[in-house]
Each structure stands twice: as structure tokens, then as C-alpha cells.
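**Student:** Can you keep this structure in mind? I'll have questions shortly.
The values are calculated or read from the model by the stated rules, or taken from the named source; none is laboratory data. Everything numeric here is computed off the predicted structure, so don't read it as measured data. Cβ placement follows ideal geometry from the backbone for every residue including glycine, while neighbour counts extend to all protein chains displayed.
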Ligand code: SF4
Ligand code: SF4
């Protein structure tokens, strides 16, 4: 069995969790079907967020009357204590529960602390005393904030991007987290859609002790790939290791993770897609990206103001305008073929 204890929380969960962002994009019926299939397959950790439109409502609909069978995590993007309390009440109502197991500050630009002027941590503590949340946690895309959260000793879990493309810094963060007795929840285990085989990604995660990946699921075939590693994760085969080595060779270094934290762009450029267009063309179906729509979107790069707002906000330190230019050039070469 691949049941593990989530950090120091004492929560026993299946190692592979379910990321509830993509179920926004499917019907209620399809979302409920996927959530039930995941639960029947052994997954019991479900991670949503207040700003994933109707995701919490769909989770609430799926697990009505089954609260004791699932561990529910959600997030608030509030920046003040008052806003957080409002978000929490909405989340409880949508999820159809009177408590949330893991309540996470959703990618705050700083590490909330007790007594902070923002009032976030104090509001979470109050909710914890009232029994509305069990554990206070944090998600982030910024290494600095994530490290501060681990060192603060204030958080039960950290959620951070982590996949088999991870670098040394992310690996160190995992180790610091586990040493501090915190749970590590891995988001973007498929590197924002760049990795293609969910079974290989899940099998690799199986070899990372203490790490709980939350797999974003929109289609049943994606879910089936992850469920093939539940409850027992098969060991990586030589073929799997070759896939990982090939992906690492192709994708290591400066590439856009599609997180979108550099947006909005004053020139209206869809940076999180356009800055990795070359990769999408190589790794996905070309015809999906050579459309009239994407040609218009790529043309917007010509209007880049070089204001560098994007690179200043990029948590991966990318030179975003240069990346856009490179992808622009690559894109049009596809029409010369
Ligand atoms: S540098 Fe260009 S792409 Fe980046 S935010 Fe400014 S206008 Fe947008
Ligand atoms: S350029 Fe950086 S911040 Fe913007 S989407 Fe890509 S990885 Fe995220």
C-alpha cells in the first residue's frame, strides 16, 4: 500500500492526491464521475482552491455524505484576515462541510506570520480554534517565500512545483521540509503539461519519500494513468528511466513553467503559453498550435514594450522577453516547412 502520513499532521492519505484545478473545465457530471472514480481507485486527498471557480462546489457535490472518506484541502488567495474569513466561509459552504483538513494560503507574495499587519495568520489561527480548519499550510511558487515558510515552523505542509525535471534547489527544499516534519505537496508534477506520461511521472514520484503529488485531472485517461500507480506504485522500468532522461535533456534549464505569475502583460501577450510555444510544438500536436488563433497571439509579441515587468515577477528568474523572442522566431519557422 502507498498510504503515507502527511508530514506531522497525522493524516493518513494515499500518496497520490487529486488536484482539483482542471475539473473547472468539465461538466458537473463529468467532474463528479472523475472524483468518484479517483476515490474508488484509492485516492483520498483532494486539493482545491477558492479561486478555481466552481471546483469546490463540484468536490462538495461529489463527496456529500462521504466526509469521513476524504481528506479535503483548499486554498485562499486572500491578502487580509477579513478576506480570508470570507473565503473560508464560502469554501465551507461550497465543499458542504464544517471543517477543512488542510487550509492553505494560496501563493502569497510573503510568508504570513502571527501578528502580521495583513492579519492572515491570525485569522487562520482563529478559524483553527473554532474547528473550521485543522492544519494551516501554504502554497508558493517563490523559493524565497517557501524556504521562509519551512524555517518559520508555522506551517503543517508546503505545496510547491516539483516534478522529475526538478533542480537542486527544489530537491533541497523537499529535504528541508521533511527534516522539519512538514508535509511536501507537489504541484505541477507534469511540469505544466510538458510531460506526457502520467504513469512514468507517478512511478518517479513513488521513489520520492514523503512527497505527495496532486495530479491535475481533466480526462479519464489521465486519471487512469495515475490510478495505475495506486495503491502500489510499480518500480520504474529501464524504459521509464530512458523517458525521464530524454525529457530532462530536452527540458532542463530555462523554460517557461506556465505558472502565469508574470501576467497580466500590458501588451496583452499570453506569456505563459507564448514563452514556451516551441516546446509545445515539439511535444504536442503541432496542428493545435498553428491555428489562426495562435498566430494572432504570437503576433502580439511584436508589440512587447520591453518593460521587463514579466521577468521581474518570474519566480524562476527567466529572461521572459528574450524567451518570447526566441519562441516567436521558432514559431514562424514551422510555416516555412
Ligand atoms: S516585457 Fe513585454 S512581455 Fe514582458 S510584461 Fe512587458 S510588454 Fe509584456
Ligand atoms: S515566464 Fe516565468 S512567471 Fe511567466 S509563466 Fe513562465 S515561468 Fe511563469
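**Student:** Look at the range 295-330 and say how many of its residues are part of a loop (DSSP other than H, G, I, E, B) and more than 8 Å from ligand 1 (Cβ to nearest atom).
**Tutor:** Count: 6.
**Student:** Kindly indicate whether residue 296 is within 11 Å of ligand 2 (Cβ to nearest atom), farther than 30 Å from residue 204 by Cβ and either crowded, with 19+ Cβ neighbours inside 10 Å or not assigned by TED's automatic domain parsing to the domain that holds residue 169 (or both).
**Tutor:** no
**Student:** If residue 193 meets every condition in (1) under 14 Å from the mean Cα position of the chain (by Cα); (2) modelled with pLDDT of 95 or more apart from one, which number is that one?
**Tutor:** It fails just one condition, (2).
**Student:** Then there is this: Is it true that some residue in the range 89-108 is crowded, with 16+ Cβ neighbours inside 10 Å, over 24 Å from residue 35 (Cα atoms) and within 22 Å of the chain's Cα centre (by Cα)?
**Tutor:** yes
**Student:** Out of the residues in the range 111-145 that are modelled with pLDDT under 95 and more than 25 Å from residue 92 (Cα to Cα), state the one that is surrounded by the fewest Cβ atoms within 10 Å (Cβ to Cβ).
**Tutor:** 144
**Student:** Here's a follow-up. Name the one entry in 277, 284, 263 that is within 22 Å of the chain's Cα centre (by Cα), within 11 Å of ligand 1 (Cβ to nearest atom) and outside the structural domain of residue 194 (by TED's automatic domain parsing).
**Tutor:** 263
**Student:** Based on this model, can you work out whether residue 335 counts as touching a residue at least 60 places away in the same chain (Cβ under 8 Å) and out of contact with any strand residue (DSSP E or B) (no Cβ under 6 Å at 6 or more places or on another chain)?
**Tutor:** Against the criterion (touching a residue at least 60 places away in the same chain (Cβ under 8 Å) and out of contact with any strand residue (DSSP E or B) (no Cβ under 6 Å at 6 or more places or on another chain)), residue 335 does not qualify.
**Student:** Where residues in the range 308-337 are exposed (fewer than 13 other Cβ atoms within 10 Å of the Cβ) and more than 14 Å from ligand 2 (Cβ to nearest atom), which of them is nearest to residue 253 (Cα to Cα)?
**Tutor:** Selected residue: 329.
**Student:** Sticking with this structure for a sec: Restricting to the range 249-278, give me the number of residues that are surrounded by 13 or more Cβ atoms within 10 Å (Cβ to Cβ), away from ligand 2 (no atom under 11 Å from the Cβ) and part of a helix (DSSP H, G or I).
**Tutor:** Selection size over the range 249-278: 4.
**Student:** Within the range 187-207, does at least one residue satisfy the condition of being in the same structural domain as residue 135 (by TED's automatic domain parsing), assigned to a strand (DSSP E or B) and touching a residue at least 24 places away in the same chain (Cβ under 8 Å)?
**Tutor:** There is at least one residue in the range 187-207 that is in the same structural domain as residue 135 (by TED's automatic domain parsing), assigned to a strand (DSSP E or B) and touching a residue at least 24 places away in the same chain (Cβ under 8 Å).
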